[in-house]
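The values are calculated or read from the model by the stated rules, or taken from the named source; none is laboratory data. Since this is a predicted model, take the numbers as computed values, not measurements. Note: ideal-geometry Cβ built from the backbone for every residue, glycine included; neighbour counts use all protein chains shown.
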Amino acid sequence: MAGPGDMTTLIGRLASFESAQQVPKRRSSSTRKKAAAASTVTWPHSSPAPEELAHAGFYWKPLPDCLDNVRCFQCDANIDGWESTDNPTDEHLALSPHCAWAIIQGIRMRIDNADRVEDDPMSEAMLEARIATFGGRWPYEKKKAWKPKTKKLAQAGWFYDPSPTDPDGTSCAYCSLSLDGWEQKDDPAEEHKRRSPDCPFFAMTEQKKTKAGPSKAKKLSTASSRASPTRAGTKRTRDGTPKEPTPELDLSFNIDELDGQSSDIMCTTPQLSWTAIDVENIMLMEPIKSRFENVVGDIRNHLTAAEKAMTVAEFVEHTAEIAEKRFLEQAEKAILAFEAEGLRAIRVLEGLKVV
């Protein structure tokens with residue numbers, strides 16, 4: 001059972017903000033002096049609130065020079081220098097975009113936004129994120145003949161969300177449904193759908209499946225641009241080095257500097273509307289498919305048996321080595337030619353008579 005100080009639980013993380021903590025002072029520069037006694041500190045900010053930080057996966061971990069430092073229980077990312085306008089989940093995603101907990105909380109934060117564009121809930125990246133939240137801590141994982149195992153739970157939209165009294169607690173990021181007390185024959189997908197039939201997880205999964213067709217699901221791409229746009233300060237990362245904001249590119253230009261000559265190409269407005277094209281289906285059509293296969297066949301005919309057995313990564317490295325060898329050979333030939341021309345020029349100069 002998870003204890004009250006277990007940072008994998010929301011209660012444990014929240015408790016870290018509510019009690020004073022001991023922080024050792026910096027050691028004196030003099031080796032003859034002992035380190036000063038630890039000081040007692042409390043969470044220094046009213047905003048962001050401890051509840052927001054705890055939900056974002058953070059617990060309070062003050063350091064001598066960073067009293068508002070927090071750490072993620074999932075990815076161990078550290079952030080300090082908080083400002084009142086900061087959104088903990090946004091800052092978490094900006095610093096650690098691949099953190100499973102940050103990804104999950106990002107979904108929960110955006111689920112009420114009608115204009116949101118979510119990734120496929122069943123994509124490889126999203127599935128891996130939900131699995132990662134269990135972290136090998138699922139209490140029934142090694143029990144035989146149990147249906148609710150980590151992979152099946154993740155495939156049904158659940159992520160691990162325990163509490164001190166419910167070590168088998170799970171939640172859904174899409175409908176905020178929480179469920180614990182799992183039993184041996186419980187089917188994770190059926191339990192989810194029975195309790196929350198209108199959960200966006202199911203609708204989005206079907207929608208993405210219909211749009212995707214034969215193609216593979218897209219992987220998650222979490223942009224660091226989710227960080228608070230109004231933030232002007234800098235964040236400290238794990239090594240304590242300030243992370244400077246990325247300067248914006250100046251894309252402005254002077255229109256007067258452009259070539260004033262008009263183009264001879266006639267500009268007309270298309271009369272027909274644009275139509276989406278499935279490139280994969282086109283590649284499978286004849287005669288494009290046969291031409292493509294002929295090209296691939298011609299390429300393979302020029303490969304050695306060893307090259308055909310290589311993986312893509314091995315083949316790229318192999319061709320790079322060949323190109324490097326050819327480059328060095330050409331460079332050596334150029335150097336020898338240059339030396340020969342130099343010697344010839346010296347002989348010509350030596351043969352000249354000084355008048």
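Restricted to segment 140-149, and to residues there that are out of contact with any Ser or Thr (no Cβ under 7 Å at 6 or more places or on another chain) and surrounded by fewer than 15 Cβ atoms within 10 Å (Cβ to Cβ), the residue that is nearest to Ala56 (Cα to Cα) is Lys142. If the condition is being free of Cβ contacts under 8 Å to residues at least 12 places away in the same chain and in a loop (DSSP other than H, G, I, E, B), then segment 194-204 contributes only Pro197.
Here is a yes/no grid of residues against (1) outside the structural domain of Ala54 (by TED's automatic domain parsing); (2) of a type in the set (Lys, Arg); (3) modelled with pLDDT under 90:
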position	(1), (2), (3)
Thr89	no, no, no
Leu95	no, no, no
Arg110	no, yes, yes
Val117	no, no, yes
Asp120	no, no, yes
Ser123	no, no, no
Leu127	no, no, no
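Please enumerate the residues belonging to segment 134-155 that are more than 13 Å from Asp168 (Cβ to Cβ) and under 22 Å from the mean Cα position of the chain (by Cα). Residues satisfying the conditions are Gly135, Gly136, Lys151, Ala154, Gln155.
Inside segment 150-193, residues that are in a loop (DSSP other than H, G, I, E, B) and buried (at least 16 other Cβ atoms within 10 Å of the Cβ) make up a count of 16.
When Glu83 is tested against the conditions (1) surrounded by 19 or more Cβ atoms within 10 Å (Cβ to Cβ); (2) at pLDDT 95 or above, the lone failure is (1).
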